[in-house]
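Take a look at the structure set out below.
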Amino acid sequence: MEPIGWIEITTRILTQLWPVWAALFATFALSIRFKRRLGLYGKLFDSPIGMTGFALVMFWVFAGVFGGGFDLITTHDVLSQVSGMKNKVPGTPLNGAEAGEYPYYLMGGDNLARDVFSRVIVGAWEVIKIAPFATLFAFMVGITLGLPAGYYGGKLDTFLSFLANLILAFPVILLFYLLVTPEIVATGIPVYMAGVLFMFPIVFLVILFNARFHTQPSKRNLYLGITLVLGLWLYLGIAWNADPLGLISMPPNLLVVFVSVVFVNSPTVFRIVRGLAMDIKTRDYVAAAQTRGEGPWYIMLWEILPNARGPLIVDFCLRIGYTTILLGTLGFFGLGLSSESPDWGSTINEGRKLLSIYLHPALPPALALLSLVLGLNLLADGLREESLKD
Amino acid sequence: MGLFFLRRLGVMILTALCLTFIVFFLTNLYPNLEKLAKTQGNFRMSDEQVESYLRKEGYMQPTPIKYGQWLGALPGWTLETPDGVTGRCIDGIVTPAQAADARQFCGILQGDWGVSTVFKTDVASIIGERLGLTAKLMFWVMVLMVPSALIIGVLAGMREGSRTDRTLSTFSILSTATPEYVSGVILIAVFASSSVGLKWFKGTATGAMKDATFENFFLPVLTIALYGMGYIARMTRASMAEVMTAQYIRTARLKGVSFRNIVVKHALRNALIAPFTVIMLQFPWLLNGVVIVETLFNYKGFGWTLVQAASNNDIELLLGVSVVSVIVVLVTQLISDIGYVWLNPRISVS
């Protein structure tokens, strides 16, 4: 078979991505149809910048979910090496293709003769699996510590701020090199860190429900029960790998990556939340709640936090982008994830060694990472603009 | 001001001590020491051999004591062997009489940074040399990044919402969204690739360590500068846009001052206060970029040394590197605080 030209490569890639286009079309059609009823999310569709960002982000989310999760888009297995396909240019027919196999390497082969196109798609899944959750955990830690630091001030604030500045003064790469090595994993330190950091979401939710519903014991007991059972079950499985049912576990190298990303991100979130809490606690509605005799945690979580949501949502988007960059950095230095892993950072690192001769293994993951982070930045800009309009 | 300065200095020293202790603790965990022993001796050492090697090199003491010795606050260890006496402050094996004459304390405080196990030389000299190379890189990054970022920000912010503003803001967002390992790869592909690229520049900066030319040094400098540029430009734009709506600008405009003069004489000075702090706070991030770019372009500076030290668990070198980087970060934070107060008389430190 002859290699195919650029036009056919493009057409084939676009066809291969059909589930993504379908899902994107459905999302946009539904969202624009009902945008008046969807609050801040609906308003996003009034701003071209926000819409562009949202489209870019959702493109990669759908590509990751359908490609990595359901195996719909990928043309070849991401780890299988086909002889004769090493460093082949995009559009090369598969060497000795059998019936049922996809006949081309759409974006060529890398230096281990694996399909670049499939690796980029599955790389999106690697990011989607980690980045949003790591950011969410960092927010839980930052909010749980930042609110009391800003609200009470004093010695607690001094101590927590010192700790946050301590972590922030660490060069991130040095911290990664110290934390994400097999030797440190062997000492069990990441597991202990996970044990501490993963407690925060449970603590956060327990305080959240207790502060609101402590006057209605039946409702409170229901919510707390659900939180504690589900939370502790997940906690045991993820952090300590001790799930009594044996359903949930996390590979140790993924855990260490997750923990270090949460650890690096939470001090910044802490500082933002603390600043917002210090600003908002002087407002009248906080004074009103104090006069009503509400407890401090009710005020922090149900009066201050909802009113700080605008900046926090914007920062959440930016921070997912930053986490994506951090994950790429880890991959680029070959830390944490296994060397075969199709995540974008590792793929860029492998591709760069032959960059002066072959461009196709390194460029697609680089452009993929760039477009996802750009999308998140644009989305954050759009959200900021729309939330300021109120 | 004096008291503020002293308090900040105290916090700084405390931070530096805590951070170096964390690095010290993590590098001195047993699995790390075992790896060190095996790379220094041979990979087929038995557990007893590893332990005897570590004992001979003084690694088996409790961590706080070792930290005190490294710092120079506690006397260095000595060990008597059948051949003579060795110790932290003693080179090789000497007789007991010579050992008695040797210095008691030898740590960071005495200016003794220890010996690198990878490069087999003095840590202080390695760091000095590598830091010089990185300083050269950073100098050119600053020369390129700061003026272009400020110009972009001022041009975008002086007419908010105009076409220039939109274009330049898009460029800033694009540059903040591109980490160094992405922009580096793209720049090499476009400008340096020998198969399809423009071949204007070289894809490696190894030659730039001896004599830097535009051809071999521009790409690494541009790669670091691009990532920081967008952020500073966005800050400058926001600050400039805010100043341009101020009362005194309107007054100047109503007086009939030309737009050019309003921007240059009235707005610019006030608009540059916020970016100044941002530029200083960029240093820790630039340090990150330096590590990536030096690895990518094979430029053997400070960041490259960090990677070498960390991946080989070269304890003393890694500690030296972290001391330097922590000091750089803390000093820039202090300068940015002081500069902010100095530039903006409305804020007082007390």
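The values are calculated or read from the model by the stated rules, or taken from the named source; none is laboratory data. Keep in mind it's a predicted model, so treat the numbers as computed, not measured. Quick reminder, even Gly has a Cβ in these numbers, built from the backbone with ideal geometry, and neighbours come from all protein chains shown. Heads up: the accessible areas ignore ligands, DNA and RNA and are worked out on the full protein's heavy atoms, side chains in. Shrake-Rupley method; radii C 1.70, N 1.55, O 1.52, S 1.80 Å.
Here are some notes:
- When the helices (runs of 4 or more DSSP H) confined to the stretch B:1-93 are screened for residues that are of a type in the set (Val, Ile, Thr), those reaching at least 2 such residues are found at B:2-27, B:63-71.
- Pairs linking a residue in the stretch B:46-57 that is closer than 14 Å to B:Asn28 by Cβ to a residue that is aliphatic (A, V, I, L, M) and in a helix (DSSP H, G or I), with Cβ atoms under 7 Å and 6 or more positions apart or on different chains, are B:Leu54/B:Leu33; B:Leu54/B:Ala37.
- Note on the stretch A:345-358: residues that are crowded, with 21+ Cβ neighbours inside 10 Å and within 9 Å of another protein chain (Cβ to nearest Cβ) total 7.
- Applying the set (1) more than 9 Å from chain A (Cβ to nearest Cβ); (2) open to solvent by 10 Å² or more (accessible area, probe 1.4 Å); (3) part of a helix (DSSP H, G or I); (4) of a type outside the set (Ser, Thr, Tyr) to B:Leu286 leaves exactly one unmet item: (2).
- Of all residues making up the stretch B:159-187, the number that are among the β-branched types (Val, Ile, Thr), more than 7 Å from chain A (Cβ to nearest Cβ) and within 23 Å of the chain's Cα centre (by Cα): 0
- Any hit, the stretch A:29-49, residues being surrounded by fewer than 15 Cβ atoms within 10 Å (Cβ to Cβ), among the hydroxyl-bearing types (Ser, Thr, Tyr) and assigned to a loop (DSSP other than H, G, I, E, B): no
- Checked against (1) open to solvent by 10 Å² or more (accessible area, probe 1.4 Å); (2) in a helix (DSSP H, G or I), A:Ser338 meets all criteria but (2).
- Every residue from the stretch A:1-23 that is aliphatic (A, V, I, L, M), open to solvent by 90 Å² or more (accessible area, probe 1.4 Å) and at pLDDT 85 or above: A:Ile7
- Looking across B:Ile338, B:Ile262, B:Ile279, one residue alone is away from every other protein chain (no Cβ under 14 Å), open to solvent by less than 50 Å² (accessible area, probe 1.4 Å), over 30 Å from B:Ile13 (Cβ atoms) and of a type outside the set (Asp, Glu). It is B:Ile262.
- All positions within the stretch B:199-223 that are polar (S, T, N, Q) and assigned to a helix (DSSP H, G or I): B:Thr206, B:Asn216, B:Thr223
- Residue match in the stretch B:124-143 (condition: under 28 Å from the mean Cα position of the chain (by Cα), open to solvent by 50 Å² or more (accessible area, probe 1.4 Å) and hydroxyl-bearing (Ser, Thr, Tyr)): yes
The rows are residues; the columns are (1) under 21 Å from B:Pro284 (Cβ atoms); (2) in the same structural domain as B:Thr134 (by TED's automatic domain parsing); (3) buried (at least 24 other Cβ atoms within 10 Å of the Cβ); (4) touching a helix residue (DSSP H, G or I) at 6+ places or on another chain (Cβ under 6 Å).
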residue	(1), (2), (3), (4)
B:Lys210	no, yes, no, no
B:Glu215	no, yes, no, no
B:Leu219	no, yes, yes, yes
B:Ile224	yes, yes, yes, yes
B:Tyr227	yes, yes, yes, yes
B:Tyr231	yes, yes, no, yes
B:Glu242	no, yes, no, no
B:Tyr248	no, yes, no, no
B:Thr251	no, yes, no, no
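- Of everything listed in (1) more than 14 Å from every other protein chain (Cβ to nearest Cβ); (2) touching a Pro at 6+ places or on another chain (Cβ under 9 Å); (3) polar (S, T, N, Q), the single unmet condition for A:Ser218 is (2).
- Those residues of the stretch A:162-180 which are more than 8 Å from chain B (Cβ to nearest Cβ) and open to solvent by less than 20 Å² (accessible area, probe 1.4 Å), in sequence order: A:Ala164, A:Leu175, A:Phe176, A:Val180
- Residue within the stretch B:316-329 that is of a type in the set (A, V, I, L, M, F, W, C) and outside any helix (DSSP H, G or I) present: no
- From the list B:Leu254, B:Leu306, B:Leu281, B:Leu286, the lone residue that is out of contact with any Leu (no Cβ under 6 Å at 6 or more places or on another chain) and touching a residue at least 60 places away in the same chain (Cβ under 8 Å) is B:Leu286.
- With respect to (1) touching a Leu at 6+ places or on another chain (Cβ under 9 Å); (2) part of a helix (DSSP H, G or I); (3) open to solvent by 40 Å² or more (accessible area, probe 1.4 Å), the lone exception for A:Val273 is condition (3).
- Of note, A:Ala289 satisfies the criterion of being more than 30 Å from A:Gly382 (Cβ to Cβ), over 24 Å from the mean Cα position of the chain (by Cα), of a type in the set (A, V, I, L, M) and part of a helix (DSSP H, G or I).
- All conditions but one from (1) part of a helix (DSSP H, G or I); (2) of a type in the set (Asp, Glu); (3) within 14 Å of chain A (Cβ to nearest Cβ) apply to B:Glu129; the one that does not is (3).
- Residues of the stretch B:159-180 classified as hydroxyl-bearing (Ser, Thr, Tyr) and free of Cβ contacts under 8 Å to residues at least 24 places away in the same chain, total: 4
- Selected residue [in a helix (DSSP H, G or I), within 11 Å of chain A (Cβ to nearest Cβ), open to solvent by 20 Å² or more (accessible area, probe 1.4 Å) and more than 23 Å from A:Ile49 (Cβ to Cβ)] from B:Val190, B:Val146, B:Val196: B:Val190
- The condition of being surrounded by 17 or more Cβ atoms within 10 Å (Cβ to Cβ) and not aliphatic (A, V, I, L, M) holds for B:Thr86.
- Any hit, the stretch A:359-380, residues being within 27 Å of A:Ala113 (Cβ to Cβ), assigned to a loop (DSSP other than H, G, I, E, B) and open to solvent by 20 Å² or more (accessible area, probe 1.4 Å): yes
- Total residues in the stretch B:16-28, condition buried (at least 19 other Cβ atoms within 10 Å of the Cβ) and within 8 Å of chain A (Cβ to nearest Cβ): 4
Residues checked against (1) within 14 Å of chain B (Cβ to nearest Cβ); (2) assigned to a helix (DSSP H, G or I); (3) among the aromatic types (Phe, Trp, Tyr); (4) within 30 Å of A:Ala366 (Cα to Cα):
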position: A:Phe117; (1), (2), (3), (4): no, yes, yes, yes
position: A:Ile121; (1), (2), (3), (4): no, yes, no, yes
position: A:Ala131; (1), (2), (3), (4): yes, yes, no, yes
position: A:Ala138; (1), (2), (3), (4): no, yes, no, yes
position: A:Leu145; (1), (2), (3), (4): no, yes, no, no
position: A:Gly150; (1), (2), (3), (4): no, yes, no, no
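- Any chance A:Leu312 is within 14 Å of chain B (Cβ to nearest Cβ) and either part of a loop (DSSP other than H, G, I, E, B) or open to solvent by less than 30 Å² (accessible area, probe 1.4 Å) (or both): no
- Some residue of the stretch A:266-277 being among the aliphatic types (A, V, I, L, M), touching a residue at least 12 places away in the same chain (Cβ under 8 Å) and over 30 Å from A:Val127 (Cα atoms): yes
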